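What follows is a single structure, written as structure tokens, with notes after it.
The values are calculated or read from the model by the stated rules, or taken from the named source; none is laboratory data. No experiment lies behind these values; they were computed from the predicted model shown. Every residue, glycine among them, receives a Cβ derived from its backbone with ideal geometry; neighbour counts consider all protein chains shown.
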């Protein structure tokens, strides 16, 4: 708390928002320029898993084992010490069948190959359901916070959560990682974690706020004091969480690595947004609403005098 004793979390909102804005701009540009890389879970395609591969070939050699020019449009990742995962586009559109590709991989790699295929229609359904799951989670969060606190808190929390989602997806697009169902699970996990941090701060603000009356300067000062009371707790919790997540990212296999990467980015963004975005947005919204109410009362009084 001593380290943040003189930090004005609310008054310097322009600085914090500028930092977030810069990251969000980079992320939006990365997504707009085609960096978004949806996996076969959403677009359809086939995933071939080769186990017991002989000779320790490179990913390039595995790609060359695919028939024709299919390797140019496929993704190859190593799995364990002697395994590989090959993800291809929809084979029917490329003029191949699952059996042909599996046979080619078995002959060239001397391995046992299994295949999982997803049709474009089913992939589209999964994509729609994933978006619905995220939207439903956000709607339930808004409803819960509105009931437990008030709408201004829910609105500020929603801004912070959307901030976290965009940065997580944007960084994914920036580094070219594949977005699949694991990514959706990671995003929902990030929403819960970020909301936990935000609720801690909001609950302390509500406890410290006066029961009646609103004064902007007083409210912003108590918001600053409330954040200072819990900021180190949030940072320590995030650091302790990021350590095992980073270990999972470094030492985990491809699927676990994707999950850990989304968590790493999302938890870092969520910690920042809970402290430097959610509380300032709450104070700015309350000040804006108080200004509107005051202006409305002034117009009513003027009309009555007229």
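Points to keep in mind about this one:
- For the stretch 134-151, the set of residues classified as surrounded by 15 or more Cβ atoms within 10 Å (Cβ to Cβ) and over 16 Å from residue 198 (Cβ atoms) consists of 134 only.
- Filtering the stretch 168-176 for residues that are in a helix (DSSP H, G or I), free of Cβ contacts under 8 Å to residues at least 40 places away in the same chain and either crowded, with 22+ Cβ neighbours inside 10 Å or in contact with a helix residue (DSSP H, G or I) (Cβ under 6 Å, 6 or more places away or on another chain) (or both) leaves an empty set.
- Of all the listed residues (239, 245, 231), the sole one being assigned by TED's automatic domain parsing to the domain that holds residue 7 and either outside any helix (DSSP H, G or I) or touching a residue at least 40 places away in the same chain (Cβ under 8 Å) (or both) is 231.
- Considered as a group, the residues in the stretch 100-119 that are out of contact with any strand residue (DSSP E or B) (no Cβ under 6 Å at 6 or more places or on another chain) and surrounded by fewer than 16 Cβ atoms within 10 Å (Cβ to Cβ) include one that is nearest to residue 40 (Cα to Cα), and that residue is 119.
- Of the set (1) in contact (Cβ under 8 Å) with a residue 12 or more places away in the chain; (2) loosely packed, with under 13 Cβ neighbours inside 10 Å; (3) out of contact with any strand residue (DSSP E or B) (no Cβ under 8 Å at 6 or more places or on another chain), all apply to residue 124 but (2).
- Residue in the stretch 19-35 that is modelled with pLDDT of 80 or more, over 30 Å from the mean Cα position of the chain (by Cα) and either exposed (fewer than 12 other Cβ atoms within 10 Å of the Cβ) or more than 30 Å from residue 278 (Cα to Cα) (or both) present: no
- Selected residue (criterion: nearest to the chain's Cα centre (by Cα)) from residues of the stretch 200-228 that are more than 19 Å from residue 157 (Cβ to Cβ) and either assigned to a helix (DSSP H, G or I) or outside the structural domain of residue 157 (by TED's automatic domain parsing) (or both): 228
- Exactly one residue out of 186, 156 is assigned by TED's automatic domain parsing to the domain that holds residue 255, modelled with pLDDT of 90 or more, within 30 Å of residue 203 (Cβ to Cβ) and assigned to a helix (DSSP H, G or I): that is 156.
- The stretch 202-219: number of residues that are crowded, with 19+ Cβ neighbours inside 10 Å and more than 15 Å from residue 275 (Cβ to Cβ): 1
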